[in-house]
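Report on one structure; see the data block that follows.
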């Protein structure tokens, strides 16, 4: 059975499932495996773009992923608050030069990154742990929001709100499609997430 949603149709993927950016494992092999299985695989930029090669290592990883799959995939950029920030401008430039179609942003204010990526024609998904942040990202021009509840692995929501509570609120307040991210592992939960207004799970 094929489930069509706004995301599957917009991105040309078979199943309404996104891998999501994951540090330390988000390499080309994993992204390609997810994409080949019909979902949307994601390369994690900050895992790949490490010294000494930085953004050029990310460029190589994107090209490697294209050798492993002919299906759509994306790149995650997590805007972390660190003392010596990564070369975010350089990372975005690599995505533009390599004609990446989908970018997933997370972390701090994504306004600058969203604008650059949208100007380059990318589909932008922004991760949020609260609907108020999602509304801001929507205003900035994000195409889709990933609603990350407290049950989402990696970085629990700052307000400890579970995903099913966030989804109910998002369905009432957002005008753009959203991802049900976290706490979903079965077909029944996928159906529930879609019924609550989500267009895809992560």
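Read-outs throughout are calculated quantities, based only on the coordinates presented, and are distinct from any laboratory measurement. Just so we're clear, the structure is a prediction, and the values are computed from it rather than from any experiment. Neighbour counts are summed over all protein chains in view; Cβ atoms, including those assigned to glycine, are modelled from backbone coordinates with ideal geometry.
What the table below lists for this structure:
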| read-out | value |
| --- | --- |
| Projected label distance in nm at residue 97 and residue 24, using a 7 Å step from Cα toward the beta-carbon | 3.0 nm |
| Alpha-carbon Rg/Rh ratio, for the stretch 77-192, with Rh computed the Kirkwood way | 0.99 |
| Where Rh is the Kirkwood radius over Cα pairs, Rg/Rh for the chain | 0.94 |
| Computed [θ] at 222 nm, deg cm²/dmol, the chain (DSSP H ≥ 4; -39,500 (n - 2.57); rounded to nearest 500) | -11500 deg cm²/dmol |
| Inter-label distance for residue 192 and residue 168, nm, one decimal - labels placed 7 Å from Cα along Cα-to-Cβ | 1.2 nm |
| Rel. contact order, % - alpha carbon contacts under 8 angstrom, at least six apart, the stretch 52-113 | 47 percent |
| C-alpha center-to-center spacing [the stretch 173-202, the stretch 34-106] in angstrom | 24 Å |
| Residues 66, 59, 108, sorted so that the one with the fewest Cβ neighbours within 10 Å comes first | 108, 66, 59 |
| DSSP bridge orientation in the chain - percent antiparallel, rounded to nearest 5 | 0 percent |
| R0 of 25 Å, Cβ-Cβ distance residue 9-residue 118: FRET efficiency to nearest 0.05 | 0.80 |
| Relative contact order (%) - criterion: Cα under 8 Å, at least six apart; region: the chain | 15 percent |
